[in-house]
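A.B. asks: Provided herewith is a single structure, encoded as C-alpha cells, for subsequent inquiry.
The values are calculated or read from the model by the stated rules, or taken from the named source; none is laboratory data. In this text, all values refer to a predicted model and were calculated from it rather than measured experimentally. Positions of Cβ are generated from backbone atoms using ideal geometry, with glycine treated the same way; all protein chains shown enter the neighbour counts. All accessible areas refer to the heavy atoms of the entire protein, side chains included, with ligands and DNA or RNA removed. Shrake-Rupley method; radii C 1.70, N 1.55, O 1.52, S 1.80 Å.
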There are 2 protein chains.
Amino acid sequence: MVRRNDQRRAALVDGAIEVLARDGARGLTFRAVDAEAAVPAGTASNYFANRDDLLTQAGARVYERLQPDEATVTRHRTAERDRETYAELMRELVARVSSFRTGYLALLELRLEATRRPELRTVLTERVRADLDANVAYHLASGLPGDATAVKLLYLALNWLIVEQLTLPDVLTPQERDELVAAAVDRIVAAS
Amino acid sequence: MVRRNDQRRAALVDGAIEVLARDGARGLTFRAVDAEAAVPAGTASNYFANRDDLLTQAGARVYERLQPDEATVTRHRTAERDRETYAELMRELVARVSSFRTGYLALLELRLEATRRPELRTVLTERVRADLDANVAYHLASGLPGDATAVKLLYLALNWLIVEQLTLPDVLTPQERDELVAAAVDRIVAAS
C-alpha cells in the first residue's frame, strides 16, 4: 500500500505540519494535506496507513527539522566552555526553535491530540524522553558547566519561554526574554 | 440580547471549558456547549455575543477557578519564610493547577486559538501579564526568599512541568517532577 517516493512523502509530512499549525489537530485530514502539498486528492491516503501514522510522522519530522545544521554543531564544538557562552548558545537555541514557528505550534497541537489518542501519546512520549536524554548526554560530554538537573530545568524554562513567544508574544518583551534566558543559565547552572 | 442568569451562564462557561479540553478549539461551538451543559439547543447563543466572547469568558473562568481557596491563602500567610517552605508551596501549586486538568488544557487550546484570532490574543495577553505581575507583587510582599526574576523563572519552568504532566505524563516520573520543583526553587531562589 505504501509507495516509495521519499520526496513526495516529505512534502506531504511538511504539509501536515502547516495544516496542524494553522487549523489545529482537528483540521488535519488527508484531504487538507493533499491541498496544502498541492498534490491530487487521494495522494496522502496512499502514503500513510491512517491518521495516527500521519500525526506520528509529522511529529518526527518537526524534531528532524529542528536539529542544528553542521555549521552550528561545529561552532558549538569549538566554543568556550564558560557560562557566558552557554547563555549565548541557549539564546541561539530559543531563536532557532522559535523561527520554525509552525513546527513548534504543530508539536503543541500533537501534545493536545495525544491526550485523546493513546497510541500517539506512546510514540510522542518516547520521542520527547529520548530527546531529553540525548540533550543531557550531549551536555555532560560537552564540557559545558552544569549537571543533568540543570539541563532538565533549562528544558522546562526555555520550552515555556518559546510557548509564550509563539502564542502570546506581547506578554514578555524581547529584552525581558533575553534577560530571562541569561538569568536561567546563570542561576540554574551556577548552583549545580 | 444577553440574559441575566448568572448560574446558567457559569454552567455554560464551565461546559465550554470541558468542550475545549475534550474536542479542541475547533470543536467549540454553541451547539456543543449547549449539549455539554445539558440545556436546550440555542441557549448559549442567548448568553454570548459570539464565539470570541465565549472563548474569552472560558479563559477568565479558568483563572478564576485556579485561585487558591481561603484556607490555602491563610496557610500561606502564616507559613515559614524559608526556602523549604517555598518549595513546598510550589509543589502544592503544581498539584492544584494540574488537578484542574481540563482547565489547563483549555488554556493551552485558547493559546493556540489566539494565534489565529487577534482579539482573543489581546485579551489573553492582558490576562496572562496581569497574572504574572500579580504573582511577582504577591511574592515580593510575602517575605519569601527570591526576587522578581526568580518568580518569572519559576513561572516558566513550572508551566512546562505542568504541560509535560498533563499531555505526556510518562516523560518524567512523579519523583523526577518533585525533584525538579525542589531543584528549581533551590537554584533559582538561592542565586537571587
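A.B. asks: Limited to the range B:166-186, what total is found for residues that are in a helix (DSSP H, G or I), among the hydrophobic types (A, V, I, L, M, F, W, C) and either within 17 Å of A:Val171 (Cβ to Cβ) or without any contact (Cβ under 8 Å) to a residue 24 or more places away in the chain (or both)? It would help to see each step written out before you state the result.
C.D. replies: Of all residues in the range B:166-186, those in a helix (DSSP H, G or I) come to B:166-167, B:174-186.
Those left that are additionally among the hydrophobic types (A, V, I, L, M, F, W, C): B:166, B:180-185.
Checking which are either within 17 Å of A:Val171 (Cβ to Cβ) or without any contact (Cβ under 8 Å) to a residue 24 or more places away in the chain (or both) leaves us with B:180, B:183.
Count: 2.
A.B. asks: Looking at B:Ala79, B:Ala130, can you tell me which residue is small (Gly, Ala, Ser) and away from chain A (no Cβ under 13 Å)?
C.D. replies: Numbers: B:Ala130 fails: away from chain A (no Cβ under 13 Å).
Of the residues listed, the single one that is small (Gly, Ala, Ser) and away from chain A (no Cβ under 13 Å) is B:Ala79.
A.B. asks: Specify which of the listed residues (A:Arg101, A:Arg116) is at the interface with chain B (Cβ under 10 Å from one of its Cβ atoms) and within 20 Å of the chain's Cα centre (by Cα). Can you show your working first?
C.D. replies: Values: A:Arg116 fails: within 20 Å of the chain's Cα centre (by Cα).
The match here is A:Arg101.
A.B. asks: Would you check which residues across the range A:9-40 are touching a residue at least 60 places away in the same chain (Cβ under 8 Å) and farther than 13 Å from A:Leu110 by Cβ and list them?
C.D. replies: Within the range A:9-40, A:Glu18, A:Arg22 qualify.
A.B. asks: A further question on this structure: Go through (1) part of a helix (DSSP H, G or I); (2) at pLDDT 95 or above and name the single condition A:Val189 misses.
C.D. replies: (2)
A.B. asks: With more than 8 Å from chain A (Cβ to nearest Cβ) and in a helix (DSSP H, G or I) as the only criterion, which of B:Val163, B:Val151 stands out?
C.D. replies: Working: B:Val163 fails: more than 8 Å from chain A (Cβ to nearest Cβ).
It is B:Val151.
A.B. asks: Still on this model: Filter the range B:86-109 for residues that are open to solvent by 10 Å² or more (accessible area, probe 1.4 Å) and of a type in the set (Phe, Trp, Tyr); which is farthest from B:Leu54 (Cα to Cα)?
C.D. replies: Top of the filtered list is B:Phe100.
A.B. asks: Consider the range A:138-182. How many of its residues are in contact with a helix residue (DSSP H, G or I) (Cβ under 9 Å, 6 or more places away or on another chain), among the small types (Gly, Ala, Ser) and open to solvent by 10 Å² or more (accessible area, probe 1.4 Å)?
C.D. replies: 4
A.B. asks: Which of the residues spanning the range B:9-51 are of a type in the set (D, E, K, R), within 20 Å of B:Arg65 (Cα to Cα) and either more than 14 Å from chain A (Cβ to nearest Cβ) or buried (at least 18 other Cβ atoms within 10 Å of the Cβ) (or both)?
C.D. replies: Kept after step one, since they are of a type in the set (D, E, K, R), are these residues of the range B:9-51: B:9, B:14, B:18, B:22-23, B:26, B:31, B:34, B:36, B:51.
Those still in the list that are within 20 Å of B:Arg65 (Cα to Cα) too: B:9, B:14, B:18, B:22, B:36.
Correct list: B:Arg9, B:Asp14, B:Glu18, B:Glu36.
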